[in-house]
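The values are calculated or read from the model by the stated rules, or taken from the named source; none is laboratory data. For clarity, every value in this text was computed on a predicted model and none was experimentally measured. Here the Cβ is made from the backbone with ideal geometry for all residues, glycine too, and neighbour counts use every protein chain on show.
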Amino acid sequence: MSNNQIIGFDIPHRVVSARRRDELREGIIQEHNRGDFSDLIYRSYTRIFECPVPADVINPSSLIIGAVAHPRSRIPFIWNERKFYLTIAPSYIRYWEITEEYEKKLNALLGPLGYWVRFARVPQKTLAVWSGLAAYGRNNITYVPGLGSFYMLVSYYSNMSTAGAEHEIWNGPVFMDRCRQCSACLKACPSGAIRQEAFPIHQDRCLTFYSGYSGPQDFPQWLDPAWVDGLVGCLRCQECCPENNPFRSFSNDEEGFSAEETEALCRGLTPSNIPRVISEKLDRLGLIGFFGESECLEMLAKRLALFIPRLEAGSIPWHPL
């Protein structure tokens, strides 16, 4: 290892001491006590730390945080002879598949040296920024040089010592300089989540929280459903961001759903009556693994109920079959 990085590991990453996990916990507690975010958001953080360290992780010495290039995804659906696409923000599609892929790569790289690597449940964005891998934008999204915000984070424990890494980077919050002179995301956010002078954002007003991040959520009364423009997550502040100019075309069209499958999803399926073909598609997309089967099906039914009327009204793009 050299300069907090693993020689031969081919994605942007950083390595820090495993004790930093406790420091992240204390930092989040202090932010909550200062009123930087609401009880609703704080509970989502505490769930991370309530998850025990896996039983096969014994006395980890280090934490590894990496960034894998990951595009926005478009999922095609068919309804009344029309094909339309709904967008999923980066980091949801095949999350666990990618996480396991890079865990295997690290174990293949480090195993011959006597080290093991296991998945670590940590507040990944915070770890990425504090370790020097990423920086915050005004929109509370993190950016990695060469990737913009179109990536997913992977995090692991290891018994690899950080003692040989000179001057371990541990910065605290770091912000992109260009945000000081830019307000594109602030103007693009319809819910008022992004603030001109203060950080962090009003996270409990961020549409991503209600459109996928935490699974199915009933919209609060203040949230106008017309603001929601994606199947999972919200991309308004990322798509207008100058930092993402080189990555605007970074998008994948994924496996879609037939007219019959779309209709079944709209009706509302449960794990007990989901057709196998739909279950297998959702599993290949990684959405069942990310949200859980019941939560995934509930979320899809709610989102399609939101978008189908817009499709019929002609307010979202579609293509004839």
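In table form, for the structure just shown:
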read-out	value
Residue tally, condition over 21 Å from the mean Cα position of the chain (by Cα) and assigned to a helix (DSSP H, G or I), over region 185-200	1
Condition check for Arg121: of a type outside the set (Phe, Trp, Tyr), surrounded by fewer than 22 Cβ atoms within 10 Å (Cβ to Cβ) and part of a loop (DSSP other than H, G, I, E, B)	yes
Residue within region 298-309 that is farther than 16 Å from Leu86 by Cβ, in contact with a helix residue (DSSP H, G or I) (Cβ under 8 Å, 6 or more places away or on another chain), part of a helix (DSSP H, G or I) and without any contact (Cβ under 8 Å) to a residue 40 or more places away in the chain present	no
Residue selected from region 246-259 under the condition in contact (Cβ under 8 Å) with a residue 40 or more places away in the chain and over 22 Å from Leu297 (Cβ atoms), by the criterion surrounded by the most Cβ atoms within 10 Å (Cβ to Cβ)	Phe247
Residue that is surrounded by the most Cβ atoms within 10 Å (Cβ to Cβ), among those in region 260-288 that are in a helix (DSSP H, G or I) and hydroxyl-bearing (Ser, Thr, Tyr)	Thr262
Search result, residues across region 53-105 that are β-branched (Val, Ile, Thr) and either part of a strand (DSSP E or B) or in contact with an Asp or Glu (Cβ under 8 Å, 6 or more places away or on another chain) (or both)	Ile64, Ile65, Val68, Ile75, Ile78, Thr87, Ile88, Ile93
Odd one out for Lys83, checked against (1) surrounded by fewer than 12 Cβ atoms within 10 Å (Cβ to Cβ); (2) within 30 Å of Arg284 (Cβ to Cβ); (3) of a type outside the set (S, T, N, Q)	(1)
Residue in region 99-115 that is nearest to Arg47 (Cα to Cα), counting only those that are surrounded by fewer than 19 Cβ atoms within 10 Å (Cβ to Cβ) and in contact (Cβ under 8 Å) with a residue 60 or more places away in the chain	Lys105
Residues that are over 18 Å from Tyr136 (Cβ atoms), at pLDDT 90 or above, not in a strand (DSSP E or B) and not acidic (Asp, Glu), drawn from region 222-248	Trp222, Leu223, Pro225, Ala226, Trp227, Val228, Gly230, Leu231, Asn245, Pro246
Residues of region 1-22 satisfying the condition of being modelled with pLDDT under 90, of a type in the set (S, T, N, Q) and not in a loop (DSSP other than H, G, I, E, B)	Ser2, Gln5
Qualifying residue in region 127-148 (condition: surrounded by fewer than 18 Cβ atoms within 10 Å (Cβ to Cβ) and polar (S, T, N, Q))	no
Tally, over region 38-76, of residues that are aromatic (Phe, Trp, Tyr) and either closer than 23 Å to Val144 by Cβ or modelled with pLDDT of 75 or more (or both)	1
